[in-house]
Amino acid sequence: MTHPTPAASAAQGAAGAAAPSGAARQAPTLRRRLPASTGPFVALVLLCVVLSIMSPSFLSWTNIFNIGQQVAILAVIAIGGTAVIVLGGIDLSVGAVLGLSGAVLGFLFVNTGLDIWAACLVALAVAAAAGAINGIMIEYGRLPAFIATLAMMSVARGLALVVLGGKPLSGYPDSFRNLSVHYVGGWVPMSLIIAVLLFLIAWAYFRWRPSGRALFAMGANYEVARLSGLPVRRLTIGVYTVAGLLAGVGGILMTARLGSAQPTAGTGYELDVIAAVVIGGASLAGGYGSIAGTAVGVMIIGVLRNGLNLLNVSSFWQQVIIGVVIATAVLVENLRQRRAARA
């Protein structure tokens, strides 16, 4: 679900007042009617075409589902990242919270003998609490989101190292590992199914729930939203809590996938989440973004990395290329918004 910025809405209103009289007017109108995720989706299709030509093994079912498994964890965390960025905030702690969630899970199951599913619930509670503390620091401590989540990133990563003693813990039952490594029907990864279900829930929330639509209003103008009677504090804390909870889900899936709890798991995921949301068309200024766009952004990152691996491009150059893609996406989005404001 995409909501236009106030400037874009004003531009659309102006366009509607002046009826189009020819083809020159019809083309911009058509562009405005298309979803914001159309551009990233076209870029994804072109990327797949180019990579399928350069690497014959790219367009195989095995590789496609392999990409799905690789991006599933990022996709789950990016759902919370979308809500945070739509709100006009940022969350730098999700990667560390992912690591903390896995560390708590591993410690409780391996060292204390707690049931694996009970350990998962405790890990999720810890991750949600970390997110809630982020929201409380932002709303009641008046800390900028960047500072609050940067501090949480350091705390969560440090706690993960303390809990695990700096060493990985392994030895989990197959029933738990199947969360990530089992293929339904022999083809579709279970982790991908979980990610798709969470995306559908998030899409329905933004599309139909009043609180979901209120996030866009808060991102566009926080003070106006507050004066309008929206429960801005409760919604902000709730968004960061859910972002932490989803990072916890990512931690569980990563522990299942790796077969061990790693204290450094999730390092750099916060940047991938921001990149996926921005590539999907969201504005870092807030008030603009979509779950569909984030899904496309996640796939672009996954397809790009998979294709570069197939082409034997070094991981160092992969970082350079992905950075260029992010910068280009932001430039294109800024250009699109300026054109919409002038139309």
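The values are calculated or read from the model by the stated rules, or taken from the named source; none is laboratory data. Here the structure is a predicted model, which means the values were calculated and not measured. Backbone-built Cβ (ideal geometry, glycine too); neighbour counts: all protein chains shown. Remember, those area values only see protein heavy atoms, side chains included, never the ligands or the DNA or RNA. Shrake-Rupley method; radii C 1.70, N 1.55, O 1.52, S 1.80 Å.
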Scanning the range 94-128 residue by residue, the ones that are of a type in the set (S, T, N, Q) and at pLDDT 95 or above total 1
From (1) over 18 Å from ILE77 (Cα atoms); (2) within 19 Å of the chain's Cα centre (by Cα); (3) of a type in the set (D, E, K, R), pick out the condition that doesn't hold for ASP174.
-> (2)
In this structure, does ALA265 turn out to be open to solvent by 30 Å² or more (accessible area, probe 1.4 Å) and either of a type outside the set (Lys, Arg) or at pLDDT 90 or above (or both)?
-> no
Hey, does the range 105-118 have a residue that's part of a helix (DSSP H, G or I), surrounded by fewer than 17 Cβ atoms within 10 Å (Cβ to Cβ), among the β-branched types (Val, Ile, Thr) and free of Cβ contacts under 8 Å to residues at least 24 places away in the same chain?
-> no
Could you grab the pairs with beta carbons closer than 7 Å, sequence gap of 6+ or different chains, first residue in the range 185-211 and farther than 23 Å from VAL239 by Cα, second one open to solvent by 60 Å² or more (accessible area, probe 1.4 Å) and among the polar types (S, T, N, Q)?
-> MET190/ASN178
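Just give me the residues in the range 141-151 being under 19 Å from ARG233 (Cα atoms), crowded, with 16+ Cβ neighbours inside 10 Å and hydrophobic (A, V, I, L, M, F, W, C), in sequence order.
Selection gives LEU143, ALA145, ALA148.
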Which of the residues that make up the range 152-176 are surrounded by fewer than 16 Cβ atoms within 10 Å (Cβ to Cβ) and not aliphatic (A, V, I, L, M)?
-> SER154, GLY158, GLY165, GLY166, LYS167, SER170, GLY171, PRO173, ASP174, SER175
Conditions (1) within 22 Å of SER37 (Cβ to Cβ); (2) assigned to a helix (DSSP H, G or I) -> ALA225 fails only (1)
Checking ALA261 against (1) without any contact (Cβ under 8 Å) to a residue 12 or more places away in the chain; (2) touching a strand residue (DSSP E or B) at 6+ places or on another chain (Cβ under 6 Å); (3) hydrophobic (A, V, I, L, M, F, W, C), the condition it does not meet = (1)
In the range 74-95, residues that are within 15 Å of TYR269 (Cβ to Cβ), part of a helix (DSSP H, G or I) and small (Gly, Ala, Ser) total 5
